[in-house]
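The values are calculated or read from the model by the stated rules, or taken from the named source; none is laboratory data. Because the structure is predicted, anything quoted here is derived from the model rather than measured. In this analysis, Cβ positions are derived from the backbone assuming ideal geometry, glycine residues included, and neighbour counts consider all displayed protein chains. Protein only, heavy atoms only, side chains kept; ligands, DNA and RNA dropped before computing areas. Shrake-Rupley method; radii C 1.70, N 1.55, O 1.52, S 1.80 Å.
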Amino acid sequence: MAVNLHDSAYELEKAIRQSDEYTNLKKIYDEVNSDESARTMFENFRNIQMELQQKQMSGQEISQEEVEQAQKTVALVQQHETISKLMEAEQRMSMAITELNQIIMKPLEELYGSMENN
């Protein structure tokens, strides 16, 4: 019996939205967004994070000043209880997605792994 991968993917999306990891992440994200100072602090943190990531991906060097600014920003957001909880929830969600990705990729790893063993 043929399986429609897109249907399975949409079922997985639905399961993710109903998971404890996602519902907890969404709840804390909404808490951060409802607090103007937390939202501003978090947006600043995310902007710095994205700028550094874009520089790194394009091969640009990141200055010592930028590294220090990023470290200060991380220290600041980690001191904010709600943002710290959000970052922990993001980490748990990321770990769940990584585990799902490993499961999804297993057939290809087995296929190509068996080719290497021949």
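When you check Ile104 against the structure, is it β-branched (Val, Ile, Thr), open to solvent by 70 Å² or more (accessible area, probe 1.4 Å) and assigned to a helix (DSSP H, G or I), yes or no? Before the answer, list the steps.
Values: β-branched (Val, Ile, Thr): yes; open to solvent by 70 Å² or more (accessible area, probe 1.4 Å): yes; assigned to a helix (DSSP H, G or I): yes.
Here the answer is yes, as Ile104 does meet what is asked.
Please find, within the stretch 1-37, the residue that is nearest to Glu88 (Cα to Cα) out of those that are small (Gly, Ala, Ser) and under 19 Å from the mean Cα position of the chain (by Cα).
Initial filter on the stretch 1-37 (small (Gly, Ala, Ser)): 2, 8-9, 15, 19, 34, 37.
Okay, now just the ones that are also under 19 Å from the mean Cα position of the chain (by Cα), so 9, 15, 19.
On the way: Ala9: 26, Ala15: 21, Ser19: 16 Å.
Filtering the stretch 1-37 for residues that are small (Gly, Ala, Ser) and under 19 Å from the mean Cα position of the chain (by Cα), the one nearest to Glu88 (Cα to Cα) comes out as Ser19.
Residue pairs, Cβ under 6 Å, 6 or more apart or interchain, first in the stretch 47-67 and at pLDDT 90 or above, second assigned to a helix (DSSP H, G or I) and of a type in the set (Val, Ile, Thr). List them.
Ile48/Thr73
Which members of the stretch 58-104 meet the condition of being in contact with a Leu (Cβ under 7 Å, 6 or more places away or on another chain) and not aliphatic (A, V, I, L, M)?
Once the filter is applied, which keeps residues that are in contact with a Leu (Cβ under 7 Å, 6 or more places away or on another chain) and not aliphatic (A, V, I, L, M), the stretch 58-104 yields Glu66, Glu90.
Is the stretch 18-27 home to any residue that is more than 25 Å from Leu86 (Cα to Cα), open to solvent by 60 Å² or more (accessible area, probe 1.4 Å) and of a type in the set (S, T, N, Q)? Spell out the reasoning first.
Keep residues of the stretch 18-27 that are more than 25 Å from Leu86 (Cα to Cα), which gives none.
The answer is no; no qualifying residue exists.
Which condition number in (1) touching an Asp or Glu at 6+ places or on another chain (Cβ under 8 Å); (2) open to solvent by 60 Å² or more (accessible area, probe 1.4 Å); (3) farther than 25 Å from Glu13 by Cα is the one that Gln54 fails?
(1)
Does Ser114 count as on the phi < 0 side of the Ramachandran plot, surrounded by 12 or more Cβ atoms within 10 Å (Cβ to Cβ) and in a helix (DSSP H, G or I)?
Working: on the phi < 0 side of the Ramachandran plot: yes; surrounded by 12 or more Cβ atoms within 10 Å (Cβ to Cβ): no; in a helix (DSSP H, G or I): yes.
So Ser114 fails the test.
Can you pull out every residue in the stretch 64-99 that is part of a helix (DSSP H, G or I), open to solvent by less than 50 Å² (accessible area, probe 1.4 Å) and within 21 Å of Asn24 (Cα to Cα)?
Across the stretch 64-99, the qualifying residues are Val77, Thr82, Ile83, Ser84, Leu86, Met87, Ala89, Met93, Ala96.
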